[in-house]
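Here is the structure we will look at, set down as structure tokens.
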Amino acid sequence: MHIPCVCFALSPSRQKHAKGSSLQWVPTPSVLGAKMKTILLYHVSLSVCIAFLTIPSTGGYIVDPGPVVKATKGEIWPKPRNQTTGQHFYAIKTGTFSFQSMNFSCDILDKALERYQKLVVSIGNTTRRALVSRGYPYLMANVLRATDAYRSWRSDPNWIGYLEEVKVDLKAPCETLPYLSMDEEYTITIDDSQAKLSSFSIWGMLRALESFSQMVVLSDDASLVRINSTAIYDGPRFSHRGLLVDTSRHFIDTCTLVKILDGMAYNKLNVFHWHIVDDHSFPYESRTFPELSQKGAYHPSMVYSQADVAMIVEEARLRGIRVMSEFDTPGHTRSWGVSHPELLTECYDQYRGKLGPMDPTRESTYTFLSSLFREVIEVFPDQYVHLGGDEVGFECWASNPNILEYMKQNRLYSFEMLEEKFIQRIVDQIDELNRSSLVWQEVYVNGVRLPNGTVVHVWTGNRQDLLNRITRDGLPALLSSCWYLDHLSTGGDWRKFYNCDPHDFIGTGKQKSLVLGGEACMWSEVVNGHNILQRIFPRVSATAEKLWSPASVNNADEAARRLEEQTCRMNHRGIPAQPPNGPGFCL
């Protein structure tokens, strides 16, 4: 940009060099009348330019003190479908508070009540301990002695008493396993006469307990734990609200996986998509083929035993979370070949000595996979198995003379047709086992004939066009392409996830009803057990709200304040969620 300026030459006798200045020759105009007569050159140390500029506002250098985004207090994440909050409030004596189960109960509910009892009674403990450790013991004393702060809320006309018991009204028998399209609706009523959580399903009751726990807060002066009068009718917008976790690129220990399940429950996510194996390692310990992990895992200590998998499935079940396994084929299978090289394609020519995708020409490949998938559906009880089918490189197939001869004999004129033949066999195997398949979008794009109900998972390209085409063909779809958690942006990049909607495509109401929901994806090339929780949370919270709350909940600025609170809430519960919005604090 050219800046018009008037330059003044300073006398050499006044040279005082500022940091970074240097001697320079500058032209100085001398104007006589209307005509320039000559130009004199002066040796000067500094040119002072008076510039006539309009300085653009950066919005970043003039700031107010305090947090960039002020957190809400007692707001629910994800935002409920319908909520009315009053000014009246209850005080909670954490020593006497309890949940009282009514009607039906089961192990899922019993253990949930234990977890949420601990969460509710611990609210404010971290803050109070911090205040005492920093020399503010009088705040604790306010609770014990009826001082001004204690008397102030007791004399508040909005105070309606102590809340010592919350009724938990489960109106129907518990189901054993969570599943697609399970009932997750619930109601909460907190008024002058009662506090009651109600649902016709155990899954809805789990969501009600989470919402209730988020409304319980510590007062500003730390003198009491309180909850406002509230009426809520809530339920999810989409039935599949997932998080994919890749445990092959980096092994993630089971304690961290349980922490992830906790964080999912705090955000009302309900599908743990376990991308358990891939090219780099095979950490799943198979009963049928134990050599897969014995030779394919990074290290003997980096293996998920059958007991480990059963524990994760159970911990997820208790939180109303489905565990959906993915054993990606025919690509992303290099670790399988460490113990079973015959499963993979031998490469020739410039790739000689390498192994490529699975060999689709051998009947033994399908026999092996049939045995493995029979085991998988026993270990992972969910109705759906993710078969992968993405990113299949054709280089080895193209270099292998046996593959080329097979294609010639079977009149397969492209490698896409060969892949289609493979995927068709695997999808049919899963269908014969009375399970349903999910596949990545390449399987659909390549024209594989998919059984009714096979879910197509969109992860790249033009999502609007793909969702339109998939649903127009009558197939259910899942969206992930705009929720890749391994794609980092500057600052609090949750907003880019928040601004994506699964129904943001041209299609009929019937088409949009075929979009089951979506998943955020945490691929683990650059995360491990030390940083995966911070990378997931609270960024996945944005996806969780888009999948739970009504489409009308779309104000990112309003969401920012609630997300600030949700992040602090997760921190207090042991989830090391990173700050979402910039400078701020949690108490």
**Prompt:** Would it be correct to say that residue 569 is of a type in the set (D, E, K, R) and either over 28 Å from residue 186 (Cβ atoms) or assigned to a loop (DSSP other than H, G, I, E, B) (or both)?
**Reply:** no
**Request:** Among residues belonging to segment 176-224 that are at pLDDT below 95 and surrounded by 18 or more Cβ atoms within 10 Å (Cβ to Cβ), point out the one that is farthest from the chain's Cα centre (by Cα).
**Result:** 223
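Residue-by-condition table, conditions (1) farther than 24 Å from residue 73 by Cα; (2) small (Gly, Ala, Ser); (3) open to solvent by 10 Å² or more (accessible area, probe 1.4 Å):
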site: 536; (1), (2), (3): no, no, no
site: 544; (1), (2), (3): no, yes, no
site: 552; (1), (2), (3): no, yes, yes
site: 566; (1), (2), (3): no, no, no
**Fill in**
The condition of being open to solvent by 10 Å² or more (accessible area, probe 1.4 Å) and of a type in the set (A, V, I, L, M, F, W, C) holds, among 313, 309, only for 313
**Asked** Within segment 479-508, restricting attention to residues that are out of contact with any Lys or Arg (no Cβ under 9 Å at 6 or more places or on another chain) and in a helix (DSSP H, G or I), which residue is surrounded by the fewest Cβ atoms within 10 Å (Cβ to Cβ)?
**Response** 496
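Tally the residues that are open to solvent by 40 Å² or more (accessible area, probe 1.4 Å) and either out of contact with any helix residue (DSSP H, G or I) (no Cβ under 6 Å at 6 or more places or on another chain) or modelled with pLDDT of 95 or more (or both), restricting the search to segment 574-587. Don't jump to the end; show me each part of the working.
Within segment 574-587, the first condition is being open to solvent by 40 Å² or more (accessible area, probe 1.4 Å), and the residues that meet it are 576, 578-579, 583-587.
Pick out the ones that are also either out of contact with any helix residue (DSSP H, G or I) (no Cβ under 6 Å at 6 or more places or on another chain) or modelled with pLDDT of 95 or more (or both) and you get 576, 578-579, 583-585.
Qualifying residue count for the region: 6.
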**Scan of segment 268-296 for residues that are out of contact with any strand residue (DSSP E or B) (no Cβ under 8 Å at 6 or more places or on another chain), more than 11 Å from residue 247 (Cα to Cα) and open to solvent by less than 20 Å² (accessible area, probe 1.4 Å), ordered by number** = 286, 296
**Fill in**
Of the residues in segment 237-267, those that are more than 27 Å from residue 121 (Cβ to Cβ) and buried (at least 22 other Cβ atoms within 10 Å of the Cβ) come to 240, 241, 242, 243, 244, 245, 246, 247, 248, 252
**Asked** If you go through segment 405-417 one residue at a time, do you hit one that is closer than 26 Å to residue 521 by Cβ and open to solvent by less than 40 Å² (accessible area, probe 1.4 Å)?
**Response** no
**Asked** Residues of segment 85-118 being open to solvent by 40 Å² or more (accessible area, probe 1.4 Å) and either within 30 Å of residue 585 (Cβ to Cβ) or in the same structural domain as residue 498 (by the TED database) (or both), which ones?
**Response** 85, 87, 88, 93, 94, 95, 115, 117, 118
**Request:** Go over the candidates 518, 474 one by one and state the one that is in contact with a Leu (Cβ under 9 Å, 6 or more places away or on another chain), at pLDDT 95 or above and in a loop (DSSP other than H, G, I, E, B).
**Result:** 474
**Fill in**
So, first residue of a type in the set (Phe, Trp, Tyr) in segment 521-532, second residue surrounded by fewer than 21 Cβ atoms within 10 Å (Cβ to Cβ), Cβ within less than 7 Å, six or more apart or across chains; the pairs are 523/249; 523/486
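Matching residues to (1) modelled with pLDDT under 95; (2) within 26 Å of residue 537 (Cβ to Cβ); (3) in a loop (DSSP other than H, G, I, E, B); (4) of a type in the set (D, E, K, R):
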| position | (1), (2), (3), (4) |
| --- | --- |
| 49 | yes, no, no, no |
| 86 | no, no, no, no |
| 90 | no, no, no, no |
| 95 | yes, no, yes, no |
**Request:** Only residues in segment 397-425 that are assigned by the TED database to the domain that holds residue 449 count as the first member; pair them with residues that are open to solvent by 30 Å² or more (accessible area, probe 1.4 Å) and among the charged types (D, E, K, R), Cβ under 7 angstrom, at least 6 apart or cross-chain, and list the lot.
**Result:** 399/349; 400/346; 412/421; 424/449
**Asked** Is it the case that segment 269-276 has a residue that's under 23 Å from the mean Cα position of the chain (by Cα), part of a loop (DSSP other than H, G, I, E, B) and among the β-branched types (Val, Ile, Thr)?
**Response** yes
**Message:** For segment 355-394: of the residues being at pLDDT 95 or above and in a loop (DSSP other than H, G, I, E, B), which is surrounded by the most Cβ atoms within 10 Å (Cβ to Cβ)?
**Reply:** 360
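The values are calculated or read from the model by the stated rules, or taken from the named source; none is laboratory data. Given the structure is predicted, the values throughout are model-derived calculations rather than measurements. Glycine also receives a Cβ, built like all others from the backbone with ideal geometry; neighbour counts cover every protein chain displayed. Ligands, DNA and RNA are excluded from the accessible area calculation, which covers all protein heavy atoms including side chains. Shrake-Rupley method; radii C 1.70, N 1.55, O 1.52, S 1.80 Å.
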